[in-house]
Structures are given as C-alpha cells and as structure tokens.
Amino acid sequence: MYNIATIKDTIRIPPKLFSKNLEKSVQKALMENYEGKLDKDLGVVISVFNPREISDGRIIPGDGAAFHDIVFDALIFRPELHEVIRGEISDITEFGAFIKFGPIDGLVHVSQVTDDFVSYNEKAKMLVGKESKRSLKVGDEVLARVIALSLKNTIGESKINLTMRQPGLGKEEWAKKKK
C-alpha cells in the first residue's frame, strides 16, 4: 500500500553540496539517503519531497559536513498482510513464480498457484496446472494476496509470500473461465 509519511530527521550535508542553495542541497542529500531504501517500520521509500523546517547547520569536529534537523515528506510503499496486489510475473522457477509489484518482489510458491497440481516446464519457463491447464509465464499480469510478510534491513533480505488459490486471484482469464 502506498502512503505519504512525514519524517523528522537529522540530515548530513556533505561539503560538496555547500555551493548549492540549502534547499537544493537538502533535497539532494535526502534523495541519496532515503530513496530506494527499506525502513522496517515505514516500508520502501519511493520518493522524498517537501523538505521544510530546516534548522541552522551544526558542524561536528572532525567531520566537514553540516548537520541539519529537518522535516520532510516521503512516498512510501509498504505491503500489508492480506492485501490484494496486482503485479507482473518477473521470474519462474521450479519452486514458484516471482511477482513484481511496486518496488518489490513477492513469491507465489507452486503450492499456492492453484488448487491443481502444478508442474514446472523448464524449457518454456512456465508453471502449468495438470488438470486445469492454467499456466503462468514471465510477463503475465496477476492478482495475488499477501499471506506472509517479513521486512528486513534491505529489499533483498525481505520475504513476501503470496497466494493465488483464492477465488478472483491469478490471471484475469482464470476468473472468466470459472463463470
């Protein structure tokens, strides 16, 4: 789920940014420090904007940078347990399908693709249901539900488990065939 968060922090402005005006320097430092990073409490920071309440800078002996207390807004993406997401299949393996949604990937284990037995076709890089013939391949757009969530220090360390076994989930054509 996407949200906007207001954050108060102390930001380090390196000497290389001293030649720019303070607002531009703060924005650049915020972008470098926050964008694309994962915060376990907030989620993935997509974008930072609206820096305000910029304090006078402090210099710490031994460090040539200036430190400013600041308040700013950030666009955050944080998946929530039981949330239904729309994403694109980014990779298929013998143990499941990876779905890219927002700035992060989740895994649908083969046991969570359909109620049918699913086999992996290595040559075609597809997952195929034995009786239903439902298939998944890279590039397919799907709906899935978040069933387990473990956000760690980085996006790569985080684990998001998804299911498509519930009615209305999976590829759009799957829901149409059930009617």
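Brief remarks on what is shown
- Complete set of residues in the range 25-46 that are among the acidic types (Asp, Glu) and either surrounded by 16 or more Cβ atoms within 10 Å (Cβ to Cβ) or under 15 Å from the mean Cα position of the chain (by Cα) (or both): 35, 39, 41
- Of all residues making up the range 74-111, the number that are among the hydrophobic types (A, V, I, L, M, F, W, C), part of a strand (DSSP E or B) and out of contact with any Pro (no Cβ under 9 Å at 6 or more places or on another chain): 11
- Cβ-Cβ distances below 8 Å connect the following pairs, each with a first residue in the range 139-154 that is farther than 19 Å from residue 81 by Cβ, a second residue that is in a strand (DSSP E or B) and charged (D, E, K, R), and a separation of six or more residues or different chains: 139/88; 140/88; 140/171; 141/86; 141/88; 141/171.
Here is a yes/no grid of residues against (1) over 16 Å from residue 161 (Cβ atoms); (2) of a type in the set (D, E, K, R); (3) crowded, with 16+ Cβ neighbours inside 10 Å; (4) in contact with a helix residue (DSSP H, G or I) (Cβ under 8 Å, 6 or more places away or on another chain):
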position	(1), (2), (3), (4)
23	yes, yes, no, no
48	yes, no, yes, yes
52	yes, yes, no, no
62	yes, no, no, no
68	yes, no, yes, yes
78	no, yes, yes, no
82	no, no, no, no
93	no, no, no, no
103	yes, no, no, no
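- Enumeration of residues in the range 38-73 that are in a loop (DSSP other than H, G, I, E, B) and either farther than 30 Å from residue 157 by Cα or touching a residue at least 60 places away in the same chain (Cβ under 8 Å) (or both): 40, 53, 54, 55, 56, 57, 60, 61, 62, 63, 64, 65
- Scanning the range 140-172 for residues that are among the acidic types (Asp, Glu) and either in contact with a strand residue (DSSP E or B) (Cβ under 6 Å, 6 or more places away or on another chain) or at pLDDT 85 or above (or both) gives 140, 141, 172.
- Tally, over the range 106-131, of residues that are touching a residue at least 24 places away in the same chain (Cβ under 8 Å) and either within 15 Å of residue 164 (Cα to Cα) or in contact with a Cys (Cβ under 7 Å, 6 or more places away or on another chain) (or both): 9
- Reported count of residues in the range 132-155, each being in contact with a Lys or Arg (Cβ under 9 Å, 6 or more places away or on another chain) and not in a strand (DSSP E or B), is 9.
- Residue satisfying all of: in the range 137-164; among the polar types (S, T, N, Q) and farther than 19 Å from residue 95 by Cβ; surrounded by the most Cβ atoms within 10 Å (Cβ to Cβ) among these: 153
The values are calculated or read from the model by the stated rules, or taken from the named source; none is laboratory data. This is a predicted model, so every value here is computed, not measured. Note: ideal-geometry Cβ built from the backbone for every residue, glycine included; neighbour counts use all protein chains shown.
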